[in-house]
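Everything below concerns the one structure shown next.
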Amino acid sequence: MSEPTVVMSKVFVTGLNVQAEIGIYKHEIGKVQPLVVDVELEVPTAGAEKLADTLNYETILEAAQRVAGEGHIALVETFAERLARACLADGRVTRARVRVEKPLALAPHAVGAGVEITLAR
């Protein structure tokens, strides 16, 4: 019987709170709003026994904060795509799924609204 092989691992961060200047409406320009971000990355990690063998979660946090810090972004779609591309900058990542929720978008009628994007090599 052959040994099982790890085809792909999913490294994820859920419920990441990010403050960003985001939105298209006049009342959103120049204002920071909360975003809730989920990121799931496919990374080959077979045999990982030390941090260097895998992807550090902190790089996802840092990428999200960097995207938010670049200045006003009109659409959550743009934020999600920029974050997905930043995650794909690590050559080990083969697929990035990013979900961005804007909790205040439809308040009090909805808990949140947003977008999910998937980029793959």
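Rounded to 0.05, the FRET efficiency of the Q19 and E49 pair, given R0 = 25 Å and the Cβ-Cβ distance, is 0.10. Give me the 1.4 Å probe accessible area per residue for the chain, excluding ligands and nucleic acids, in Å². Here the per-residue accessible area is 62 Å². If you take all other residues with their beta carbon under 12 Å from the beta carbon of E101, and give Lys and Arg +1 and Asp and Glu -1, the sum is 0. Highest mean first, the peptides 78-86, 23-31 sorted by other C-beta atoms within 10 Å per residue fall in the order 78-86, 23-31.
Only helical runs count toward this figure. For the chain, summing -39,500 (n - 2.57) over DSSP H runs of n ≥ 4 and dividing by all residues gives -7000 deg cm²/dmol at 222 nm. Its relative contact order, with pairs defined as Cα atoms under 8 Å and 6+ residues apart, puts the chain at 26 percent. Relative to the dominant Cα principal axis of the chain, helix 76-88 is inclined by about 20°.
When a 1.4 Å probe is rolled over the protein heavy atoms, the share of accessible surface on the stretch 38-106 that falls to carbon and sulfur comes to 49 percent.
The values are calculated or read from the model by the stated rules, or taken from the named source; none is laboratory data. As the structure is a prediction and not an experimental result, all values here were calculated from the model. Glycine also receives a Cβ, built like all others from the backbone with ideal geometry; neighbour counts cover every protein chain displayed. Heavy atoms of the whole protein, side chains included, go into the accessibility calculation; ligands, DNA and RNA do not. Shrake-Rupley method; radii C 1.70, N 1.55, O 1.52, S 1.80 Å.
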